[in-house]
Amino acid sequence: MRVMMRLRLGGGGFRAQGAAGAAAKQSDLGKQPFMEQLDQGPAEPAASSAPAMLDPRHSERLLKKVSMLMHEAVHMRNSSLPNATLRQLREDYLKLNMDYRQRALILLGTQFGVDRERVKGLIQHYMSLNPVDSTAESSGEKLSDSGSEAAHFRTERDLRAALVPLSSRLFEQMNGQVGGLKFLVDLRADLKTTLHTKNLPSLRALDSDLQGLFATWLSPACLELHRLTWNDPACLLEKIVTYEAVHPITNLYDLKRRLGIGRRCFGYFHPAMPGEPLVFIEVALTKGIESSVQKVLFGEPPCDETEATTALFYGITSTQPGLKGIELGNFLIKRVVHLLRQEMPGVQTFATLSPIPGFMHWLLAKLATQCKLIEESKDQSEIHKLREDLLRPDEEIKLEACRDGKNSKGAVGFLYDILSSDRHEWASSEKLVEALRPPLLRLCARYILQEKKRGAALDPVTNFHVRNGASVEQLNWMGDTSRKGLDASAGLMVNYRYRLEDIEANNQAYLNRRVIAASPAVLGLLQQPGSDSLQGKL
């Protein structure tokens, strides 16, 4: 008989514990906090967290040993066999605190790079070779037997090999060992942290090399798709709770609901990192495109799966900081879409319910600039010339009607004051909610569709989905009324829709012309009263 287990809070997360009297305490589980401070983002794996400060002399000796082991590993002759050197290198590196790990990474980037003298010599040799008649080669004519062509190919091969840094050889050998891939992922997380304070060219090159290797090693063909259920091991469910950063899991029943009827959770796994999800996505099966994440998470019971017409992706989480920049989420979404179409033919609509994490940061910066301009400029003509019309006249009138007599900053200043308050009193005022809705919806549409950085959408979530071929379907007023949602986007959320027949066209339009596909309803938010449609102008 299967032993009943329950999950309880303990230490840094929750663990499985057999309990004969668990049923008697079951009623108290929903009242207890399941995990505190999960909204601060995914925790890094325990293996990559640096130990406390060691004795400096011991740390110096350990750092020298790590450097020596790197040299041994790079120059080992038989890399196909398990090697104690690589295992010892992993163990000793993980004993270092973060300061010494950073020093080890700098050593790796500076002392294990490309042999530039050899590269220089090969280039000089290549330039001294007799030129090959490329016209004869392309036309299929017989080339001379002087050996010039063979010398060119041989030197090009040697040059390619010489341009591979020694660190890449170390990474490839480490990847062949048990636990090696996970170690390298955590090592790149340390490298990312180091780059924040020591933005050295050698470290940037090291990061680029690792990213390129991960893109090859973690291609979709190498990954396993797994549906996560309540019957999965407790250690795996613990990681899902710990890593979930979009909508933190609050208690045991919240987790069970997300894995139960009318819900799906899928993750990508790699055989070299068993039990460690690289990215996972949460899906709600609904009768239409939902506009409120609170309804999805805590509202009425899920609908009957046989009646569902829509698969709503309401959370996608990358779990490994060391895999930043590796495109796994886009492949996961497309894979899940095709899987659900096969399993549930009645589900024909695929959409997201996504946060807008950068909207308030962008808007408050705009409002602050306008307020400062009004305060410091005495010349009205100068104000008119530099002023950005964030509010339309009718919107200003409605906001002015909500102002009390103490506020003399005008509509823009009033808007800045109420939105910058961390108490969010406006969200509980029916009059303010009604006055804020038109301008915030319009400004949010502008932020998503028109604000760019180096040609790409300024909002990172928008950039992710439109690059993946989705279109902006609708903006949802008060779609996330949690404190996190009000802080990030004034409660606004957005639905991105994946129409399978348009994915390729949307992707190419965005990559080639930076055009973001959007529904007429969203485009209409940007229209001036009485103007023509904006379709095709974004």
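Numerical summary
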read-out: Residue within region 177-196 that is among the aromatic types (Phe, Trp, Tyr) and open to solvent by 30 Å² or more (accessible area, probe 1.4 Å) present; value: no
read-out: Residue identified as more than 15 Å from SER354 (Cα to Cα) and crowded, with 16+ Cβ neighbours inside 10 Å among ARG499, ARG513; value: ARG499
read-out: ILE281 vs. criteria of a type in the set (Val, Ile, Thr) and modelled with pLDDT under 95; value: no
read-out: Residues of region 462-499 satisfying the condition of being touching a Phe, Trp or Tyr at 6+ places or on another chain (Cβ under 8 Å), assigned to a helix (DSSP H, G or I) and not polar (S, T, N, Q); value: HIS465, VAL466, ARG467, ALA488
read-out: Hits in region 234-274 - residues which are out of contact with any strand residue (DSSP E or B) (no Cβ under 8 Å at 6 or more places or on another chain) and either part of a loop (DSSP other than H, G, I, E, B) or at positive phi (or both); value: PRO248, ILE249, THR250, ASN251, GLY260, ILE261, ALA272, MET273, PRO274
read-out: Scan of region 417-432 for residues that are at negative phi, assigned to a loop (DSSP other than H, G, I, E, B) and of a type outside the set (Lys, Arg), ordered by number; value: SER421, ASP422, SER429
read-out: Cβ-Cβ under 6 Å pairs, at least 6 apart or on other chains, region 451-479 side open to solvent by less than 40 Å² (accessible area, probe 1.4 Å), far side of a type in the set (Phe, Trp, Tyr) and not in a loop (DSSP other than H, G, I, E, B); value: HIS465/TYR496; VAL466/TYR510; ALA470/TYR496
read-out: Filtered residues of region 101-128 (kept if within 18 Å of ASN199 (Cα to Cα) and either of a type in the set (S, T, N, Q) or touching an Asp or Glu at 6+ places or on another chain (Cβ under 8 Å) (or both)); value: ARG101, GLN102, LEU105, THR110, GLN111
read-out: First in region 53-76 and outside any helix (DSSP H, G or I), second anywhere and surrounded by 12 or more Cβ atoms within 10 Å (Cβ to Cβ), Cβ under 7 Å, 6 or more apart; value: MET53/ASN97; LEU54/ASN97; MET76/ASN83; MET76/THR85
read-out: Positions within region 188-219 being more than 13 Å from GLY322 (Cβ to Cβ) and not in a helix (DSSP H, G or I), in sequence order; value: LYS198, ASN199, LEU200, SER219
read-out: Subset of region 425-440 that is open to solvent by 20 Å² or more (accessible area, probe 1.4 Å) and of a type outside the set (D, E, K, R) - its residue that is farthest from ASP394 (Cα to Cα); value: SER428
read-out: Test result for LEU486, open to solvent by less than 50 Å² (accessible area, probe 1.4 Å) and touching a His at 6+ places or on another chain (Cβ under 8 Å); value: yes
read-out: Residues satisfying the stated conditions in region 424-451, i.e. among the polar types (S, T, N, Q) and out of contact with any Leu (no Cβ under 9 Å at 6 or more places or on another chain); value: SER428, SER429
read-out: Residues of region 167-176 satisfying the condition of being open to solvent by 40 Å² or more (accessible area, probe 1.4 Å) and closer than 20 Å to GLY275 by Cα; value: ASN175, GLY176
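Rundown of residues vs (1) within 19 Å of SER482 (Cα to Cα); (2) in contact with a Pro (Cβ under 9 Å, 6 or more places away or on another chain); (3) open to solvent by 10 Å² or more (accessible area, probe 1.4 Å), yes/no style:
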{"site": "ALA234", "(1), (2), (3)": "no, no, yes"}
{"site": "LYS239", "(1), (2), (3)": "no, yes, yes"}
{"site": "VAL246", "(1), (2), (3)": "yes, yes, yes"}
{"site": "GLY260", "(1), (2), (3)": "no, yes, yes"}
{"site": "HIS270", "(1), (2), (3)": "no, no, yes"}
{"site": "GLY275", "(1), (2), (3)": "no, yes, yes"}
{"site": "GLU282", "(1), (2), (3)": "yes, no, no"}
{"site": "SER291", "(1), (2), (3)": "yes, no, yes"}
{"site": "LYS295", "(1), (2), (3)": "yes, no, yes"}
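The values are calculated or read from the model by the stated rules, or taken from the named source; none is laboratory data. None of the values given here were measured: they were computed from a predicted structure. Note that each Cβ is placed from the backbone with ideal geometry, even for glycine, and that neighbours are counted across all protein chains shown. Calculation scope for accessible area: heavy atoms of the full protein, side chains included, ligands and nucleic acids excluded. Shrake-Rupley method; radii C 1.70, N 1.55, O 1.52, S 1.80 Å.
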